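Heads up, the thing below is written out as structure tokens.
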Amino acid sequence: MISFFVCLAILIVGYVVYGAFIERTFKPDERETPAVAMADGTDYVVMGNGKIFLIQLLNIAGLGPIYGAIAGALWGPSVFLWITFGTIFAGGVHDYLSGMISMRHKGTSISEIVGIYLGPFMKTVMRIFSVVLLVLVGTVFATGPSALLAMLTPETLDAKFWLIVVITYYFLATLVPIDKLIGKIYPIFGICLIVMALGVASGIVMQGYTIPEITFSNLHPNGQAIWPFMFITVACGAISGFHATQSPLMARCMKSEKDGRKIFYGAMVCEGVIALIWAAAGVAFYQSTGGLAEAISRLGGQGGVVYEICNTLLGSIGAVIAMVGVIACPISSGDTAFRSARLVIADWFKIDQKKIKPRLAVTIPLLVVGTLLSQVDITIIWRYFSWSNQTLAMIALWAAAAYLRKNKILPWVAVIPATFMSAVSCTYILMAPEGFQLSAGFSYPAGIIFAALCFILFIVKIMNKDYAAEQDTTASA
């Protein structure tokens, strides 16, 4: 149990020390933010820091730090290390820089930022990549909760009925001003997410469960390799490219750059704490990784595990909180996924979103596509999400490194995690069942070589003295 509390302490200290270092490196100032300079009453709306923090937390979290952490716990308590150090040195840096750079560019989406700093080809790739990923996320997070709601209600209210209800809500959340619906509902569910995690942590400790100490042994019941599979599986609990699509939403609502560490880096650390708690609960409650694997199979996935743990540790209140969590949290990720997709397309085609008609023109086709996809078995496609999620994080970090270099700031805080994530993403797609299914003997060195090439390309291309002038020309074009 000592390992768990040490990791928890490191996360808190990491926010205070390394978060402050990242803030000093970026140098936020008193310049007018997009929320003030471009206020439109729809997407650019000043909100209070507490509300923005909770919205940001729910935007980036959803069920990610719960489901991913539980799945990551199959490798044993070694997952604590990735959650802890991944959050501090990769996820927190990724979220802070993507949010702050967006704020410096009028709240623009990550695809446009990548285009400015990595070139027009990468801009096109990221535009398509982002929209597809966001629509996929929104669709899956509509169908899953709809099925759960159908299980809890009379037979006449089937999954199709609830899907219509959820899609209708998505339509409103994507379309209406951010402070009118999301701004009012999200803080409540954000608090529920935190309360659920704290309740589970208290129950594990006070009811005498044993959280095992960290070991470097691979405890996965099926012997699946830690590298790179655990690093992809945990995803949102350590670093997630999906966050880069969400941070611009809050970058358009902040009244001061100096609040960035609390909101962007702070929300990621909070998510890391939630992931750490659920990873610890997974290995402690079922007493072994084999027991956890059996529970996931017996209960139909991580949702059943969440319900069983909450119900056992917290009683009927815990069961209610758990059901709210596994239904509301994915819906909260789904609606902002569609909202982010709307903004990516609006930035792409330069469609002004102040008036209702242009917003409808983008929103309706997105939701029609999402509704059609919900009728198709997208299980196979969804298996690519974890990889594409971490690949997006890799690209966002390289763009952030280029931004720092262009602004004469030492870029290594972004370069190092970008290089690491390049190795993770490449190795995974080479080895994974949904990838090329190549051997570890080939995939491991190939992943390292790919990461090294990315690093060298950055040094040669980005670090040369002509880079700033070249990018100024690209941005103006």
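Miscellaneous remarks
- Expressed in units of 2.2 N^0.38 Å, where N is the residue count, the Cα radius of gyration of segment 318-431 is 1.40.
- Accessible surface comparison of 456, 214, 101, probe 1.4 Å, protein chains only, largest first: the order is 456, 214, 101.
- Most positive-pole-ward Cα, 330, 303, 364, against dipole of segment 263-403 from beta carbon charges: 364
- Mean-position separation - Cα centroids, segment 305-331 and segment 381-445, in angstrom: 33 Å
- Full extension of the chain segment joining residue 438 with residue 16 gains 147.7 nm, where the gain is 0.36 nm per residue of separation less the Cα-Cα distance.
- Estimated 222 nm signal from helices in the chain, with DSSP H stretches of n ≥ 4 weighted -39500 (n - 2.57), rounded to 500: -23500 deg cm²/dmol
- Ranked packing of 443-455, 244-256, most packed first, by mean Cβ within 10 Å: 244-256, 443-455
- In plain terms, if you count all Cα to Cα distances in segment 106-234 and split them into 5 Å steps from zero, the share in each step is 2, 8, 8, 10, 14, 16, 15, 13, 10, 4, 1, 0 percent.
- The portion of the accessible surface of the chain made up by carbon and sulfur, rounded to a whole percent, is 70 (1.4 Å probe; DNA, RNA and ligands excluded).
- Once both labels are positioned 7 Å from their Cα atoms along Cα-to-Cβ, the gap between residue 320 and residue 368 label points is 4.2 nm.
- Annotation: amide H-H contacts under 5 Å for residue 47 (H modelled 1.01 Å from N, sequence separation of 5 or more, or interchain): 255.
- Base-10 log of normalised Debye intensity for segment 257-349 (one unit scatterer per alpha-carbon) at q = 0.22, 0.25 Å⁻¹: -1.15, -1.25
- Taking a straight line from the alpha carbon of residue 408, these lysines sit under 19 Å away, with near neighbours fewer than eight places off in the same chain left out: 27, 461, 465.
- Heavy-atom accessible area, probed at 1.4 angstrom with all protein chains present, ranks 220, 243, 105 as 105, 220, 243, highest first.
- Judged by the ratio a/c of the largest to the smallest principal axis of the C-alpha gyration tensor, segment 1-88 counts as oblate, that ratio being 1.5 or greater while a/b is no larger than b/c.
- Across the chain, Cα-Cα pairs more than 34 Å apart make up 30 percent of the total.
- Length gained when the stretch residue 461-residue 449 is fully extended (0.36 nm per residue, less Cα-Cα span): 2.6 nm
- Per residue accessible area in Å² of the chain, where ligands, DNA and RNA are left out and the probe is 1.4 Å: 39 Å²
- Taking the centroid of alpha carbons for each part, segment 127-198 and segment 1-45 are 26 Å apart.
- Efficiency of FRET from Cβ geometry, residue 31 and residue 375, R₀ 60 Å, rounded to 0.05: 0.80
- Trypsin sites (Lys or Arg not before Pro) within segment 296-361, DSSP loop, no more than 13 other Cβ atoms inside 10 Å: 350, 354, 355
- For segment 228-271, Kirkwood radius (reciprocal of mean inverse C-alpha pair distance, Å): 11.6 Å
- Between segment 352-375 and segment 258-279, the alpha-carbon center distance in angstrom: 31 Å
- Volume per residue of the convex hull around the Cα atoms, evaluated for segment 153-229, comes out as 246 Å³.
- Rg/Rh, computed from the Cα trace of segment 109-165 with Rh as the Kirkwood radius, has the value 1.34.
- The chain - charge dipole about Cα centre, Lys and Arg +1 at Cβ, Asp and Glu -1, debye rounded to 20: 1060 debye
The values are calculated or read from the model by the stated rules, or taken from the named source; none is laboratory data. In this text the structure is predicted, and so the values were computed from the model without any measurement. A quick note on method: Cβ atoms are made from the backbone with ideal geometry, for glycine too, and the neighbour counts reach across all protein chains shown. Note: areas computed on protein heavy atoms with side chains; ligands, DNA, RNA excluded. Shrake-Rupley method; radii C 1.70, N 1.55, O 1.52, S 1.80 Å.
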